[in-house]
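Undergrad: Please read through the structure below; I'll follow up with questions.
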Amino acid sequence: MKVYEVINLGAKELQGICENPKLEAELLLAYCLGVDRTKLIIQRDEEVEDEVLKKFLEVLSKRKSYIPYQYIVKKQYFMGLEFFVDENVLIPRPETEILVEEVLKRLKKGDTLIDIGTGSGAIAVSIAKYFSDCFIYAVDISRKALEVAKYNAKKYSVLDKIAFIESNIFSNVPKGIKFDFIVSNPPYVKKGELETLQEEVKKEPTIALNGGEDGLLFYKEIIEESNFYMNTKGALCFEIGYDQKDEITDLLRKAGLGNVEVIKDLSGIDRVIIAKYKL
Ligand code: GLN
């Protein structure tokens, strides 16, 4: 079979599975051939070897069972960097870049940060990469996720700027550290809504999504404990769910935090919330 025929076959198979079957078929075939998509299109009349076709049919069947494209090719771009991802970590979302950008705008030389629930390390690694003089504690309850995060930190030569700790929120974080920034994209989906998520999202780790009955479980815990861990001039920076602004603002105010700023994403949805102590 020729390249274009394989693409057409793939596109047909992916009909109804994803939004852009032709594009995904091209990307998956390019992945199997170890070339980029442009090169693939130039080679459209060339024969596809049996070995490659076999591999393509395998990945196609994975994709048909709703395994996210990113888990198949083991990568996702975030902040212009290419992150390794696998089933142990949430796939970094473009919206989360807003959280990183807002933190980068506010960072000062010598600041110490914590990224709670680091997952693939997308937040911690990109901050370490784009801001030279800072130190980050990246924590996650999942040891396997931390392995992925470390791999990404090594890839971008920021291992010496990040301490990785297996920890349930602050449980294993050394006492006495006062952070300038507490940053988190915690699990925030309501338990009852997990079943309604897109099939692909259901393939992501539930512990990275499940925010308890009201979706606020982790915000509550982090806000409560931030009293012990945040510098008086520090900032708490969260990614939030589309309908959580008011409830989280309330939680922040009750904990003595004020100066609440909310930043919307490109679709106009409240996406990031930043709070500081009222001084
Ligand atoms: N943004 C994720 C979603 O697509 C949720 C991520 C999270 O819970 N932090 O549902």
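Undergrad: Out of all the residues in region 98-121, which are assigned to a helix (DSSP H, G or I), within 13 Å of the ligand (Cβ to nearest atom) and crowded, with 21+ Cβ neighbours inside 10 Å?
TA: Quick first cut of region 98-121, residues assigned to a helix (DSSP H, G or I) only: 98-106.
Now restrict to residues that are within 13 Å of the ligand (Cβ to nearest atom): 98-99.
The answer is Leu99, and nothing else.
Undergrad: Could you list, in sequence order, the residues of region 64-87 that are part of a loop (DSSP other than H, G, I, E, B) and more than 15 Å from the ligand (Cβ to nearest atom)?
TA: Ser65, Ile67, Lys74, Met79, Gly80, Asp86, Glu87 - these are the residues of region 64-87 that are part of a loop (DSSP other than H, G, I, E, B) and more than 15 Å from the ligand (Cβ to nearest atom).
Undergrad: On to the next question. State yes or no: is Ser167 within 16 Å of the ligand (Cβ to nearest atom), at negative phi and open to solvent by less than 60 Å² (accessible area, probe 1.4 Å)? Let's see the steps before the verdict.
TA: Values: within 16 Å of the ligand (Cβ to nearest atom): no; at negative phi: yes; open to solvent by less than 60 Å² (accessible area, probe 1.4 Å): yes.
It is false that Ser167 is within 16 Å of the ligand (Cβ to nearest atom), at negative phi and open to solvent by less than 60 Å² (accessible area, probe 1.4 Å).
Undergrad: Hey, another quick one. Considering only region 220-235, I want to know if a residue exists there that is part of a strand (DSSP E or B), open to solvent by less than 10 Å² (accessible area, probe 1.4 Å) and within 10 Å of the ligand (Cβ to nearest atom).
TA: no
Residue-wise test of (1) touching a residue at least 12 places away in the same chain (Cβ under 8 Å); (2) open to solvent by 30 Å² or more (accessible area, probe 1.4 Å); (3) in contact with a His (Cβ under 8 Å, 6 or more places away or on another chain).
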residue: Ile123; (1), (2), (3): yes, no, no
residue: Tyr137; (1), (2), (3): yes, yes, no
residue: Ala149; (1), (2), (3): yes, no, no
residue: Ala153; (1), (2), (3): yes, no, no
residue: Asp160; (1), (2), (3): no, yes, no
residue: Ser171; (1), (2), (3): no, yes, no
residue: Pro174; (1), (2), (3): no, yes, no
residue: Asp180; (1), (2), (3): yes, yes, no
residue: Pro186; (1), (2), (3): yes, no, no
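Undergrad: Just to be sure I understand the filter: pairs with C-beta atoms under 6 Å, separated by 6 or more residues or on different chains, first member in region 64-88 and over 15 Å from Lys155 (Cα atoms), second member basic (Lys, Arg) and assigned to a helix (DSSP H, G or I). Which pairs pass?
TA: That search, which allows pairs on different chains as well, returns Ile72/Lys62; Asn88/Lys144.
Undergrad: Return yes when Glu204 is modelled with pLDDT of 95 or more, within 12 Å of the ligand (Cβ to nearest atom) and touching a Ser or Thr at 6+ places or on another chain (Cβ under 7 Å) and no when it is not. Reasoning before the result, please.
TA: Numbers: modelled with pLDDT of 95 or more: yes; within 12 Å of the ligand (Cβ to nearest atom): yes; touching a Ser or Thr at 6+ places or on another chain (Cβ under 7 Å): no.
Judged against the criteria, Glu204 is not a match.
Undergrad: Just give me the residues in region 1-34 being modelled with pLDDT under 95 and open to solvent by less than 50 Å² (accessible area, probe 1.4 Å), in sequence order.
TA: Ile17, Cys18
Undergrad: Could you grab me the full set of residues in region 236-246 that are farther than 12 Å from Glu261 by Cβ, within 16 Å of the ligand (Cβ to nearest atom) and charged (D, E, K, R)?
TA: Glu239, Asp243 - these are the residues of region 236-246 that are farther than 12 Å from Glu261 by Cβ, within 16 Å of the ligand (Cβ to nearest atom) and charged (D, E, K, R).
Undergrad: Which condition does Glu200 not pass, out of (1) in a helix (DSSP H, G or I); (2) open to solvent by less than 70 Å² (accessible area, probe 1.4 Å); (3) under 21 Å from Val103 (Cα atoms), if it passes all the others?
TA: Every listed condition holds for Glu200 apart from (3).
Undergrad: Which ones in region 208-219 are more than 10 Å from the ligand (Cβ to nearest atom), open to solvent by 10 Å² or more (accessible area, probe 1.4 Å) and not in a loop (DSSP other than H, G, I, E, B)?
TA: Residue satisfying the conditions is Leu217 alone.
The values are calculated or read from the model by the stated rules, or taken from the named source; none is laboratory data. All values reported here derive from a predicted model rather than from experimental measurement. We place every Cβ from the backbone using ideal geometry, glycine too, and count neighbours over all the protein chains shown. For accessibility, only protein heavy atoms count, side chains too; no ligands or nucleic acids. Shrake-Rupley method; radii C 1.70, N 1.55, O 1.52, S 1.80 Å.
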